[in-house]
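Worksheet: one structure, shown below.
The values are calculated or read from the model by the stated rules, or taken from the named source; none is laboratory data. Here the structure is a predicted model, which means the values were calculated and not measured. Quick reminder, even Gly has a Cβ in these numbers, built from the backbone with ideal geometry, and neighbours come from all protein chains shown.
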């Protein structure tokens, strides 16, 4: 299978006033074409930093992050990013937001093509009625759908999602997950999803990378045994429950390890 | 005008009626010498006289033009400078103490020097108003620009934007609100400085009118001048607010 992204002995550290802080340590794994990878671990463990290196916002201290065999030099339209804070442009209407990437030199299209792409994603994301509204009139779920539509419009081969549904209520969150599965089915993309929800990871991903408390190392890589297309019924299957308790155990162990790490710090301050 | 609009208009009118009543009340209370407070109707009559016989409109025009030019030039300079200071940290470290030094100086204190270097012509007044607008505008700009979140720039980068596109399509729209705020602040400061700038041997202008009136103890003329300055400032602010509302429809404001 074709390797899309590779982490090769990747480490990242910061120098802080209190000394060197290792955020990511010796991480090696490949993301193949068509994979849906979920990275899960306790919050603050450095999983977002992993994604950030592949997105091109941060460079590894040692090791290599490769995309299509070449080291990542910076952000680019072939790697779409969905941020936790949505990042929809408040000064543009919904349609202008979707069209934003298409107006750039990097992804030049004709006006007719641009309109067609916008209409397609407006429909797909259920935003047609709001095409000319400003984001201030949208709910959280709609803003995130808009962010996804905008990222998709420039046709990235790879989608990086940083806890994209973290700020949404449970109902909206599960709607968004189903929508994402539906869209992936028709558009077939490679995805790296950062999450702290075990259910979300199992429900969406084909492979789950469990990372340790900081510094983030790979604790275990687990293949999810459910075939796509998936629907919510798989969440009732005994295999789902088994996998969930297994991963939960792994994550909880790391969470406790992190708490143990943090305790002396909080006492000393 | 609909019912709600009428009520809002009435609500806005109420404090003015209150102020006029208070004015009469102070006059009639006997606590203050009546000759020191011209009555509102006397001031109204005087302003009509000044309008028709003394060319009050010319004074208004001259003053408005000075403020307008001073603010326009001041903000034109403040926008790029404030932007540089807000955007590039080294520039801030470099220029911040200097800016704050000059900002703290009241423009009035500079008048003697301005007379020495720029004479007593139109240019001198423009220099004072430019000074006042520039330093009040530059602070607003750089505080605003330094608060722009990097998130939108990152989003644009992941969509494939180059540096020029990020500037044109992300930074400029995010800067517009701060330019408008800088304009409003500068307008306020410039009107406040106007009288001072017209102290420099001005022939015409509202500040000059007030100055001349004070020499002859014409209190009613002083009142007319003060009210004119306030009214024009209010009208300019209203116009600017309308423009702001139009340009910034996208902004999520608590109070519209």
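Details
For (1) closer than 23 Å to residue A:44 by Cβ; (2) more than 21 Å from the chain's Cα centre (by Cα), each residue gets a yes or a no:
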{"position": "A:185", "(1), (2)": "no, no"}
{"position": "A:190", "(1), (2)": "no, no"}
{"position": "A:199", "(1), (2)": "yes, no"}
{"position": "A:214", "(1), (2)": "yes, no"}
{"position": "A:221", "(1), (2)": "yes, no"}
{"position": "A:232", "(1), (2)": "no, no"}
{"position": "A:247", "(1), (2)": "yes, no"}
{"position": "A:256", "(1), (2)": "yes, yes"}
{"position": "A:259", "(1), (2)": "yes, yes"}
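- Positions within the stretch B:194-221 being closer than 18 Å to residue B:118 by Cα and without any contact (Cβ under 8 Å) to a residue 12 or more places away in the chain, in sequence order: B:203
- Counted residues, the stretch B:116-163 - those being assigned to a helix (DSSP H, G or I), within 14 Å of chain A (Cβ to nearest Cβ) and either buried (at least 24 other Cβ atoms within 10 Å of the Cβ) or in contact with a strand residue (DSSP E or B) (Cβ under 6 Å, 6 or more places away or on another chain) (or both): 2
- All of A:247, A:222 fail the test of being part of a strand (DSSP E or B) and closer than 21 Å to residue A:28 by Cβ, apart from A:222.
- None of B:119, B:137, B:160 is in contact (Cβ under 8 Å) with a residue 24 or more places away in the chain and in the same structural domain as residue B:238 (by TED's automatic domain parsing) except B:137.
- Where residue A:58 falls short, out of the listed (1) within 14 Å of chain B (Cβ to nearest Cβ); (2) under 15 Å from residue A:5 (Cα atoms); (3) surrounded by fewer than 22 Cβ atoms within 10 Å (Cβ to Cβ): (2)
Here is a yes/no grid of residues against (1) buried (at least 21 other Cβ atoms within 10 Å of the Cβ); (2) free of Cβ contacts under 8 Å to residues at least 24 places away in the same chain; (3) under 25 Å from residue A:176 (Cα atoms):
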| residue | (1), (2), (3) |
| --- | --- |
| A:202 | yes, no, yes |
| A:215 | no, no, no |
| A:218 | no, no, no |
| A:233 | no, yes, yes |
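- Residue, farthest from the other protein chains (Cβ to nearest Cβ), within the stretch A:103-134, restricted to residues that are touching a helix residue (DSSP H, G or I) at 6+ places or on another chain (Cβ under 6 Å) and outside any loop (DSSP other than H, G, I, E, B): A:128
- Residue match in the stretch A:36-55 (condition: away from every other protein chain (no Cβ under 14 Å), assigned to a strand (DSSP E or B) and loosely packed, with under 15 Cβ neighbours inside 10 Å): no
- One residue alone among B:51, B:13 is free of Cβ contacts under 8 Å to residues at least 12 places away in the same chain, closer than 14 Å to residue B:227 by Cα, within 25 Å of the chain's Cα centre (by Cα) and in a helix (DSSP H, G or I), and that residue is B:51.
- Leading residue by the ranking (surrounded by the most Cβ atoms within 10 Å (Cβ to Cβ)) among those in the stretch B:228-256 that are closer than 21 Å to residue B:65 by Cα and over 15 Å from the mean Cα position of the chain (by Cα): B:243
- Counted residues, the stretch A:93-102 - those being surrounded by fewer than 21 Cβ atoms within 10 Å (Cβ to Cβ) and either more than 14 Å from chain B (Cβ to nearest Cβ) or without any contact (Cβ under 8 Å) to a residue 40 or more places away in the chain (or both): 1
- Single match in B:192, B:202 (criterion: under 16 Å from residue B:233 (Cβ atoms) and within 24 Å of the chain's Cα centre (by Cα)): B:192
- The residue list B:177, B:173 contains one member that is in a helix (DSSP H, G or I), within 14 Å of chain A (Cβ to nearest Cβ), crowded, with 16+ Cβ neighbours inside 10 Å and under 20 Å from the mean Cα position of the chain (by Cα), which is B:177.
Okay, residues lined up against (1) assigned to a helix (DSSP H, G or I); (2) at pLDDT below 90:
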site	(1), (2)
A:136	yes, no
A:143	yes, no
A:165	no, yes
A:168	no, yes
A:172	yes, yes
A:192	no, no
A:201	yes, no
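- Here residue B:196 fulfils each of the conditions (1) within 14 Å of chain A (Cβ to nearest Cβ); (2) more than 19 Å from residue B:80 (Cα to Cα) apart from (1).
- Of note, residue A:124 satisfies the criterion of being surrounded by fewer than 23 Cβ atoms within 10 Å (Cβ to Cβ) and within 21 Å of the chain's Cα centre (by Cα).
- Looking only at the stretch A:61-92, residues that are within 13 Å of chain B (Cβ to nearest Cβ), without any contact (Cβ under 8 Å) to a residue 40 or more places away in the chain and not in a loop (DSSP other than H, G, I, E, B) come to 0 in all.
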